[in-house]
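The values are calculated or read from the model by the stated rules, or taken from the named source; none is laboratory data. Please read these numbers as outputs of a predicted model, since none were measured by experiment. Glycine also receives a Cβ, built like all others from the backbone with ideal geometry; neighbour counts cover every protein chain displayed.
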Amino acid sequence: MNEELVIQLGAEALKTIFFLAGPLLVSAMAIGIVISVLQAITQINEATLTFIPKMIGVIVVLVVMSPWMLRILQEYTVLVFNQAGEWVR
């Protein structure tokens, strides 16, 4: 296993992680910003107020995007298993 193969595998792993976690993190951040702005407008200082909307938003994004996320994960798994023979040599 040479350096190029390790770098390629690491790059694919990071790309897959970005694609899988990105939509969930972006939705949680967007909901957090909206709730924070509403808290600033109404001057309600409750730290736990953002938890439930974020959780619901992440679940909705997960349900909506799960077929696409599963396809990305399957493509990465097939890539890893197809190249496993080359890595052993």
Pairs under 7 Å by beta carbon, first residue aliphatic (A, V, I, L, M) in region 41-53, partner surrounded by 10 or more Cβ atoms within 10 Å (Cβ to Cβ) and not in a loop (DSSP other than H, G, I, E, B), six or more apart or different chains?
L49/I35; L49/Q39
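Let's see how each residue does on (1) over 18 Å from Q74 (Cβ atoms); (2) part of a helix (DSSP H, G or I):
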| position | (1), (2) |
| --- | --- |
| G10 | yes, yes |
| K15 | no, yes |
| G32 | yes, yes |
| I41 | yes, yes |
| N45 | yes, no |
Here the residues within region 34-78 that are of a type in the set (G, A, S) and over 28 Å from L14 (Cβ atoms) are S36, A40, A47
Do we have any residue at all in region 34-49 that's within 19 Å of the chain's Cα centre (by Cα), exposed (fewer than 12 other Cβ atoms within 10 Å of the Cβ) and not small (G, A, S)?
no
Any hit, region 50-67, residues being loosely packed, with under 12 Cβ neighbours inside 10 Å and not in a helix (DSSP H, G or I):
no
Take region 9-40 and flag every residue that is in contact with a helix residue (DSSP H, G or I) (Cβ under 6 Å, 6 or more places away or on another chain) and either touching a residue at least 24 places away in the same chain (Cβ under 8 Å) or small (G, A, S) (or both).
T16, F19, L20, P23, L24, S27, A28, I31, G32
Counted residues in region 42-89 being among the hydroxyl-bearing types (S, T, Y), in contact with a helix residue (DSSP H, G or I) (Cβ under 7 Å, 6 or more places away or on another chain) and modelled with pLDDT of 90 or more come to 1
